[in-house]
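Here is the structure we will look at.
Please treat every number below as a calculation from the coordinates, not as lab data. As the structure is a computational prediction, the values presented were derived from the model and not from experiment. Ideal geometry is used to build each Cβ from the backbone, glycine not excepted, and the neighbour counts take in all protein chains shown.
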């Protein structure tokens with residue numbers, strides 16, 4: 001056996017010993033903590049069936065200077081997806097769990113892995129973490145795929161209008177229709193006539209530009225790129241010039257709300273078919289106090305009154321116990337808006353399309369309105 005082989009074997013054994021040591025350390029900690037049996041199982045097999053759905057990051061691949069594709073191995077209970085759908089990812093950053101929605105950027109895979117492509121937003125806690133700090137092996141929380149932005153296969157002449165990271169659900173559809181292999185592009189989408197108008201600040205800032213160009217060069221799609229630094233700001237009125245047979249096509253669009261609003265007005269005026277996708281449907285404005293929507297009532301409350309008290313004063317029968325934040329019997333899901341923990345001032349914010357569909361659990365006895373909020377009861 002060569003010296004190099006001995007070193008490799010020793011390094012591998014050392015890695016296994018460290019991994020085993022880390023697991024034994026976690027088991028020892030668990031023995032001193034009042035955990036449920038499922039908590040202990042999670043340490044060894046967090047992706048097993050019957051537990052909260054999670055995924056493990058397998059690989060992080062840089063797409064541009066501020067965008068990366070995150071490949072994930074989902075848990076056994078992952079139900080699959082249709083190209084164009086999105087998932088909500090829950091990740092802990094600096095001790096707080098944040099949920100965000102991201103499009104899946106591929107079709108179903110044999111290895112059952114999934115991938116999302118994230119563009120870092122200036123000041124964005126989650127996007128910046130995923131693009132610049134996420135590492136292979138990290139566990140994230142996961143929800144099942146959702147969304148209605150999927151292809152209607154009765155339409156054969158299609159137009160995709162995308163801007164920036166709005167290309168992500170569309171690339172998932174295209175990759176499913178036209179897989180790219182070492183031998184070239186496979187034409188599973190035979191019989192389709194597809195034009196893609198993609199808008200970006202510049203060519204280097206275009207996510208998936210190589211993949212899009214491969215599809216264009218193979219004849220799978222007709223790519224019409226529009227770069228702000230070359231062509232100027234895109235005006236929706238010029239779309240018919242870029243796509244002369246616009247009236248014959250069904251349009252799918254994903255991008256900033258300004259672009260989608262303009263396309264909706266444009267297509268409605270011309271009587272054209274349009275399907276759109278946009279994640280951030282609302283902005284939560286935080287403050288001191290606000291309107292609480294609960295049990296069909298709209299209750300005005302200040303920023304110092306617990307939601308439990310404000311609701312009861314308005315005649316709403318609320319679940320409660322100790323009123324000290326200990327017994328957890330007052331927990332209800334926050335569906336939208338913001339509340340503040342009166343003990344430490346920490347905000348909990350629920351944004352439709354980003355946070356879990358079922359809402360974020362809050363303790364109404366120690367939480368106050370921090371702006372308009374909606375609570376399921």
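Given the Cα-Cα distance of residue 76 and residue 222 and 0.36 nm per residue of separation, how much length would full extension add, in nm?
This chain segment gains 48.7 nm when fully extended.
Assuming R0 = 25 Å, can you tell me the calculated FRET efficiency for the pair residue 376 and residue 313, based on Cβ-Cβ distance, to the nearest 0.05?
So, using R0 = 25 Å, E works out to roughly 0.80.
So how far, in whole Å, is the C-alpha centre of the stretch 339-375 from the one of the stretch 288-303?
12 Å
What FRET efficiency would be calculated for the residue pair residue 237, residue 202, taking the C-beta separation as r and a Förster radius of 25 Å, to the nearest 0.05?
The pair residue 237/residue 202 has a calculated efficiency of 0.65.
Could you rank the peptides 169-175, 361-367 by their average count of other C-beta atoms within 10 Å per residue, with the highest value first?
On the way: 169-175: 25.6, 361-367: 22.0.
By packing density, highest mean first, the sequence is 169-175, 361-367.
Using a/c under 1.5 as the rounded threshold, could you call the stretch 290-375 rounded, prolate or oblate? The axes a ≥ b ≥ c are square roots of the C-alpha gyration tensor eigenvalues, and prolate needs a/b larger than b/c, oblate otherwise. Intermediate values should be presented prior to the final figure.
Values: a/c = 1.34, a/b = 1.18, b/c = 1.13.
Rounded, because the longest to shortest axis ratio a/c is under 1.5.
Could you give the length gained on full extension between residue 92 and residue 247, defined as 0.36 nm per residue of separation minus the Cα-Cα distance, in nm? Mind showing how you got there, number by number?
Values: separation 155, 0.36 × 155 = 55.80 nm, distance 4.65 nm.
Between residue 92 and residue 247, full extension yields an extra 51.1 nm.
By how many nm would the segment from residue 297 to residue 155 grow when fully extended, if each residue of separation counts as 0.36 nm and the alpha-carbon distance is taken off?
In short, 46.7 nm is gained.
Give me the one-decimal nm value for the distance between modelled label points at residue 346 and residue 109, 7 Å along each residue's Cα-to-Cβ direction.
Simple spin-label model gives 3.4 nm for this pair.
Which stretch or stretches of the stretch 358-377 have amide N atoms under 12 Å from the point lying 7 Å from residue 323's Cα along the Cα→Cβ direction?
Output list for this probe position: 365-366.
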